[in-house]
Amino acid sequence: MPVVHVNGINLGYDDHGSGEPVVMVTGTAAPGRIWRAHQVPALKAAGYRVITVDNRGIPPTDLCEEGFTLGDMAADIAALIAHLDAGPCRVVGFSLGGIIVQELLLARPELVRQAVLIASCGRADALITAMSAADLALADSGITLPPRYAAYVQALQNLSPDTLNDEEGLQDWLSVLELSPVAPATVRGQLGLELIGDRLPAYRRITVPCQVIGFRDDLVARPALVRELAHHIPGATYEEIPGCGHYGCLERPDAVNEIITAFFTQN
């Protein structure tokens, strides 16, 4: 994995394929490799160069234990695009990554040609605030949950009823989640960054064409919040995918990829 010094930190990224560039930004505690299973192959097949990023706090990118902000993370993406001479390019953001991209669209719109915002929002409501506070309390407690228990909780929070009711498929999910646990304390710097105030009025100033994607069974970025975001971005289009939760990019990858590639062909 290449590591480049930009914006005052060492930032890890991967560069796949050739063609017009697409930069993909992940959510809280997620490494850039989560895109490799489904989105990278689909976009490469469609003729794009795909650049995935490990955000601050995810090795080999610097941990930045002194703390950082959404503005820092948006500036990281801007600096990487400039370093690669990739702008204006297409950018995809998922969950916290979507919020990072939204801030990038305000700060450096000249770097982005089109943006896809997946399971993102424009404000932290009461439930997001409660979930974030709980994550921070767990990280600061020093407690490490048993991997089997953490996998079960993660499945309930992020998967759809369709997946949870598929007994054979669920066992595969639980095995993967148990083998790849994330200790909240190790990503402490990213926790709480989704606690944004009401940014919806600011997002009315976004001028970059945006596709917003929601997941019907998402308990984290609930569809009402995602639709609300799309409503406040001028000209944004919204698509909602049934049968998937917050991990919809992995539960229904073909549907997600189809929406992304169709949007990209419009401009």
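The values are calculated or read from the model by the stated rules, or taken from the named source; none is laboratory data. The shown structure was predicted, so the numbers you read here are calculated from the model rather than taken from an experiment. Cβ: placed from backbone, ideal geometry, glycine included. Neighbour counts: every protein chain shown. When the accessible area is computed, the model is the full protein with side chains, heavy atoms only, and any ligands, DNA or RNA have been set aside. Shrake-Rupley method; radii C 1.70, N 1.55, O 1.52, S 1.80 Å.
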Looking for whichever is out of contact with any strand residue (DSSP E or B) (no Cβ under 9 Å at 6 or more places or on another chain), surrounded by fewer than 15 Cβ atoms within 10 Å (Cβ to Cβ) and modelled with pLDDT of 95 or more here; the options are D140, D125. Which one fits? D125
Write out, first by first residue and then by second, each pair whose Cβ atoms fall under 7 Å of each other, whose residues are 6+ apart or on separate chains, and whose first residue, in segment 147-165, is within 11 Å of L177 (Cβ to Cβ) and in contact (Cβ under 8 Å) with a residue 12 or more places away in the chain while the second is open to solvent by 60 Å² or more (accessible area, probe 1.4 Å) and not small (G, A, S). P147/E178; P147/P181; R148/E178; A150/P181; A151/E178; Q157/L219
Matching entry among L219, L229 (being open to solvent by 10 Å² or more (accessible area, probe 1.4 Å) and either in a loop (DSSP other than H, G, I, E, B) or of a type in the set (A, V, I, L, M, F, W, C) (or both)): L219
Can you list residue pairs whose Cβ atoms sit under 8 Å apart, with the first residue in segment 59-71 being in a loop (DSSP other than H, G, I, E, B) and the second being loosely packed, with under 12 Cβ neighbours inside 10 Å? Count only pairs 6 or more apart in sequence or on different chains. none
How about segment 1-22: which of its residues are touching a Lys or Arg at 6+ places or on another chain (Cβ under 9 Å) and either at pLDDT 95 or above or open to solvent by less than 20 Å² (accessible area, probe 1.4 Å) (or both)? I9, L11, D14, D15, H16, G19, E20, P21, V22
Residue check, P184 open to solvent by 20 Å² or more (accessible area, probe 1.4 Å) and modelled with pLDDT of 95 or more: no
Which ones in segment 30-52 are over 19 Å from Q114 (Cβ atoms) and either open to solvent by 50 Å² or more (accessible area, probe 1.4 Å) or outside any loop (DSSP other than H, G, I, E, B) (or both)? G32, R33, I34, R36, A37, H38, P41
Exactly one of G27, G87 is in contact (Cβ under 8 Å) with a residue 40 or more places away in the chain and either assigned to a loop (DSSP other than H, G, I, E, B) or open to solvent by less than 20 Å² (accessible area, probe 1.4 Å) (or both), and that one is G27
Which ones in segment 232-267 are touching a Cys at 6+ places or on another chain (Cβ under 7 Å) and in a helix (DSSP H, G or I)? E251, V256
So which residues in segment 243-267 are closer than 12 Å to T163 by Cβ and either open to solvent by less than 60 Å² (accessible area, probe 1.4 Å) or without any contact (Cβ under 8 Å) to a residue 60 or more places away in the chain (or both), if there are any at all? G243, C244, G245, H246, Y247, G248, E251, R252
Taking the condition open to solvent by less than 30 Å² (accessible area, probe 1.4 Å), in contact (Cβ under 8 Å) with a residue 24 or more places away in the chain and in contact with a Leu (Cβ under 7 Å, 6 or more places away or on another chain), does I81 pass? yes
